[in-house]
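One structure is given here, and the rest of the page talks about it.
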Amino acid sequence: MSTHRLTPTGGTAIVTGASRGYGLAVAAELARRGWSLVIDARTRPELEDAARELRGLGVGEVTAIAGDVTDPAHTRHIVDSALEIGDLSLLVNNAGILGPSPQPRLADYPLEILGQVVDVYLLASLRLIQLVLPHLRGQGGVVVNVTSDAAVEAYEGWGGYGAAKAALEQMSKVLAVEEPEVAVYSLDPGDMRTRMHQEAFPDEDISDRPLPETRAPALIRLLESAPPSGRYTAEDLLAWIPA
């Protein structure tokens, strides 16, 4: 039985990459349940629009901090802002970049861009985790690292992105062993109709993919059901019916 359980109207959460897509949808689910939020994204106008939307959904505070998660000063600012609000109990590492569009084969993948992709998914995520861990231990704190099926399946053209996500998942597994007082989840939301997904398939119609808003409730199900640390998919979480 897991001991990591957050109340539906939990304290303060950090959600990165929250100006649009899945990050914004997740932040909206949390805002509706009374969470205070610190959100970030690279593009300030989009982020400020997202913050205005989120403030209209709940009673918690919403702090928007524009910047690059690979910048240590920016990540420190994010965490300091969350600590000022108080009761920091959830980190959602959702920020990401696609890399080249369309996705190249590994034989042609620009290594300097691969370094940027790994920096965002692995190093920036770990930097934030290191900063928040002292505040999550001993209070049922949770880290959610948003992953992809590309981390576990061999899709042609997705070697760079998939390798970075696989590294994130392995880091999550080791962190869960090293930090038994913190729940560490890899959450795979599945294919969605997002701008990033369209950029990956620039010549395809992706209108058949589900909207992020339909997958975001899986994170709430994860927090409320409080399973052991591990890898979970939105599809399985949303299909789960409590006894």
Only one of these conditions is not met by residue 94: (1) farther than 20 Å from residue 172 by Cβ; (2) in contact (Cβ under 8 Å) with a residue 12 or more places away in the chain; (3) of a type outside the set (Lys, Arg). Which number is it?
(1)
Which condition breaks for residue 119 when tested against (1) surrounded by fewer than 19 Cβ atoms within 10 Å (Cβ to Cβ); (2) within 23 Å of residue 83 (Cα to Cα); (3) at pLDDT 95 or above?
(2)
Within region 140-158, identify whether any single residue is in contact (Cβ under 8 Å) with a residue 60 or more places away in the chain, in contact with a helix residue (DSSP H, G or I) (Cβ under 6 Å, 6 or more places away or on another chain) and in a loop (DSSP other than H, G, I, E, B), and answer yes or no.
yes
Anything in region 171-205 that is acidic (Asp, Glu) and either assigned to a loop (DSSP other than H, G, I, E, B) or at pLDDT 95 or above (or both)? List them, or say none.
178, 179, 181, 191, 203, 204, 205
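Okay, residues lined up against (1) surrounded by 21 or more Cβ atoms within 10 Å (Cβ to Cβ); (2) at pLDDT below 95:
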position	(1), (2)
23	yes, yes
26	yes, no
35	yes, no
48	no, no
55	no, no
62	yes, no
Does residue 68 count as touching a residue at least 12 places away in the same chain (Cβ under 8 Å) and surrounded by 22 or more Cβ atoms within 10 Å (Cβ to Cβ)?
no
Selected residue [among the basic types (Lys, Arg) and either assigned to a strand (DSSP E or B) or out of contact with any strand residue (DSSP E or B) (no Cβ under 9 Å at 6 or more places or on another chain) (or both)] from 52, 76
76
Given (1) assigned to a loop (DSSP other than H, G, I, E, B); (2) on the phi < 0 side of the Ramachandran plot, index of the condition residue 34 fails
(2)
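The values are calculated or read from the model by the stated rules, or taken from the named source; none is laboratory data. This structure is a prediction, so every number in the text was calculated from the model and none was measured. Glycine gets a Cβ as well: all are built from the backbone with ideal geometry, and neighbour counts include every protein chain shown.
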